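Student: Take a look at this one; I'll ask things after.
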Amino acid sequence: MDRSSKILDDIAQLMNDAAGVADGVRREVETVVKSQMERIVADLDLVKRDDYEALKELVQNQSEEIGQLRKDVKALKSKKKSA
């Protein structure tokens with residue numbers, strides 16, 4: 001009985017070691033994939049979200065201003081025609 005207990009202990013230790021190795025491999029693969037993805041994203045020259053939002057707000061403000069200027073020009077033209 002003592003021998004089978006030793007075998008079971010050895011198997012349990014082997015499984016525990018294998019789980020540790022698998023976890024180390026998983027972390028290493030995650031690190032490699034993450035660094036590759038960061039390199040790919042950097043090569044794509046993508047716009048950052050903050051820059052996009054700032055530009056979007058600027059365009060909206062300019063669109064509103066252009067709309068108001070068009071109204072003002074139209075009002076001036078109609079005023080000039082009536083004069």
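The values are calculated or read from the model by the stated rules, or taken from the named source; none is laboratory data. Given the structure is predicted, the values throughout are model-derived calculations rather than measurements. Cβ sites come from the backbone with ideal geometry, for glycine too, and all protein chains shown count toward neighbours.
Student: Going through A42, A19 one at a time, which residue ends up being in a helix (DSSP H, G or I), surrounded by fewer than 10 Cβ atoms within 10 Å (Cβ to Cβ) and either in contact with an Asp or Glu (Cβ under 8 Å, 6 or more places away or on another chain) or among the aliphatic types (A, V, I, L, M) (or both)?
Tutor: Details: A19 fails: surrounded by fewer than 10 Cβ atoms within 10 Å (Cβ to Cβ).
Result: A42 is the single residue among A42, A19 that is in a helix (DSSP H, G or I), surrounded by fewer than 10 Cβ atoms within 10 Å (Cβ to Cβ) and either in contact with an Asp or Glu (Cβ under 8 Å, 6 or more places away or on another chain) or among the aliphatic types (A, V, I, L, M) (or both).
Student: Residue under question is K79, and the condition is that it be part of a helix (DSSP H, G or I), modelled with pLDDT under 90 and surrounded by 10 or more Cβ atoms within 10 Å (Cβ to Cβ); does it hold? Lay out the reasoning, then the answer.
Tutor: Numbers: part of a helix (DSSP H, G or I): yes; modelled with pLDDT under 90: yes; surrounded by 10 or more Cβ atoms within 10 Å (Cβ to Cβ): no.
No.
Student: Return the only residue of V59, V47, V29 being at negative phi and not in a helix (DSSP H, G or I). I'd like the intermediate steps shown before the answer.
Tutor: Values: V59 fails: not in a helix (DSSP H, G or I); V29 fails: not in a helix (DSSP H, G or I).
The unique qualifying residue is V47.
Student: In addition: In the range 34-83, how many are among the charged types (D, E, K, R) and within 14 Å of the chain's Cα centre (by Cα)?
Tutor: Quick first cut of the range 34-83, residues among the charged types (D, E, K, R) only: 34, 38-39, 43, 45, 48-51, 53, 56-57, 64-65, 70-72, 74, 77, 79-81.
Narrowing the set further to residues that are within 14 Å of the chain's Cα centre (by Cα) leaves 34, 38-39, 45, 48-51.
Of the residues in the range 34-83, 8 are among the charged types (D, E, K, R) and within 14 Å of the chain's Cα centre (by Cα).
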